[in-house]
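Here the structure comes first, spelled out in structure tokens, and everything after it is commentary.
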Amino acid sequence: MIDVVNEICLRHGIEYDSSFSLNPNYVIDNLDNQYTERQVLGYIAGCHGCNCKMSKENKLKFIQVSNTSLDNAIETIPPSAIYTQFKQINDIKTITKIIVTDQTRGNVQNVQVGVGESDDTLTFDNPYMTQTMLDNIYLAMNGFTYIPYEHLNWKCYPQIEVGDAVNIAKVNNVTWEKPT
């Protein structure tokens, strides 16, 4: 997979940010022209439990989602920066099961790990996922807890990037931080 990422970066004249190391043992068995490069990068990121983005430095960056990725919030958003009322739309969620489907080749296949009800399950599509990859993702994400909330309109903080952990201060001096 790292060879595919490097080839895409080379083709577009961008640099790969190696702050997160892709697993060199992960390979794509059948790379065909069925997917766009953007989709392929998304699937590769998914195989590593990551999101993929372009950083401020114009580098292709992979950001891993895990329990520890939320430990160091870089900013607290105060109520004065929020234009609409912050509304929690569901109870705090904790991931205890992951299901990955492959619906692209005409038949639905899936790999899964963990136990839990649908509220505790993360489900996504990825044609390159293997059971070993999913087991590794599960080690990092099992027990990941988050607060679902409705879209929030707020003043921009240009130092915050996609994937950064933030705390959100509510009125009444209460702050929504990483759930424990």
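Bear in mind these aren't lab numbers, they're just calculated from the coordinates by the rules spelled out. All values reported here derive from a predicted model rather than from experimental measurement.
A compact table of results
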item	result
Length gained when the stretch Glu117-Asn23 is fully extended (0.36 nm per residue, less Cα-Cα span)	30.8 nm
Gained length - Asn110 relative to Glu37, 0.36 nm times residue gap less alpha-carbon distance	24.0 nm
Nearby aspartates and glutamates by direct alpha-carbon distance to Lys87 (threshold 16 angstrom, same-chain neighbours under 8 apart not counted)	Glu150, Glu177
Anchor Lys61: lysines whose Cα lies under 30 Å away (excluding residues fewer than 8 positions away in-chain)	Lys53, Lys93, Lys97, Lys155, Lys178
